[in-house]
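The values are calculated or read from the model by the stated rules, or taken from the named source; none is laboratory data. Just so it is clear, the model here is predicted, and its values are computed rather than measured. Glycine gets a Cβ as well: all are built from the backbone with ideal geometry, and neighbour counts include every protein chain shown.
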Amino acid sequence: MDAIDNILNRVSARLLKEPYPSNEEMNKVYKAALRAPDHAWLRPSSFIQVTGDGIKELSKIFEEYAKTIPNIKDEIITKYKNAPFRAPMIIILVSTFKDHPKVPGIEQKLSTAASAQNILLSLSALGYSAIWRTGKLAFNPYIASKLNLTDNQEILGYIYVGTAEGTNKKIPELDINDYISYL
């Protein structure tokens, strides 16, 4: 697939089903992810791949978290519990802060965000679909602790992965002049 066409035509899938990428395909995806810009080669990005019984375990963690929220409604608990079942594979994006005099934490998070974009584009190039989700389940110390992350690690989101089911969203027509200024 032409790289520019891939970028211009990638959309987040509404519904995802099996199949999801093989281990061999995911090795390529992770190699592409680790090609994201990374000042001082700190390698702040890592990933937790969730499939099979891992989906059930993540569901339990999300449900446990939901139950810690005061006055939460049962339907919200159910929503959090069911969230992992949106796709047959989930990639949890983890950014690890590494103390460096020239590379602030935000730059390290941006590197992990760039790795996420590389993951989305790589999956698209391989014929799969994905959607990056954040919300209350990301940037969440409770969930991070349940995933055995350390204090210097943060979840930047979840990439739900699979094969698109149904029709994709239409790509909006944008006038680039609305977004570009010149100096």
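For this structure, a couple of remarks:
- Selection over segment 60-86 of residues that are surrounded by fewer than 17 Cβ atoms within 10 Å (Cβ to Cβ) and either among the aromatic types (Phe, Trp, Tyr) or touching a Pro at 6+ places or on another chain (Cβ under 7 Å) (or both) gives a count of 1.
- Among residues of segment 59-86 that are closer than 30 Å to residue 19 by Cβ and in a helix (DSSP H, G or I), those with a Cβ under 7 angstrom from a residue that is at pLDDT 95 or above and of a type in the set (Asp, Glu), sequence gap 6+ or separate chain, pair up as 80/63; 81/63.
- Scanning segment 97-105 turns up no residue that is modelled with pLDDT of 95 or more, charged (D, E, K, R), farther than 18 Å from residue 34 by Cα and assigned to a strand (DSSP E or B).
- Single residue of segment 126-144 satisfying the filter (closer than 13 Å to residue 26 by Cβ and of a type outside the set (Ser, Thr, Tyr)) that is surrounded by the fewest Cβ atoms within 10 Å (Cβ to Cβ): 126
- Just one of the listed residues (180, 92) is at pLDDT 95 or above and surrounded by 13 or more Cβ atoms within 10 Å (Cβ to Cβ), and it is 92.
- Checking each residue of segment 164-171 against the condition of being in contact with a helix residue (DSSP H, G or I) (Cβ under 6 Å, 6 or more places away or on another chain) and either assigned to a strand (DSSP E or B) or closer than 30 Å to residue 96 by Cα (or both) gives no match.
- Within the set 109, 102, the sole residue that is exposed (fewer than 15 other Cβ atoms within 10 Å of the Cβ) and either in contact with a helix residue (DSSP H, G or I) (Cβ under 8 Å, 6 or more places away or on another chain) or in contact (Cβ under 8 Å) with a residue 12 or more places away in the chain (or both) turns out to be 102.
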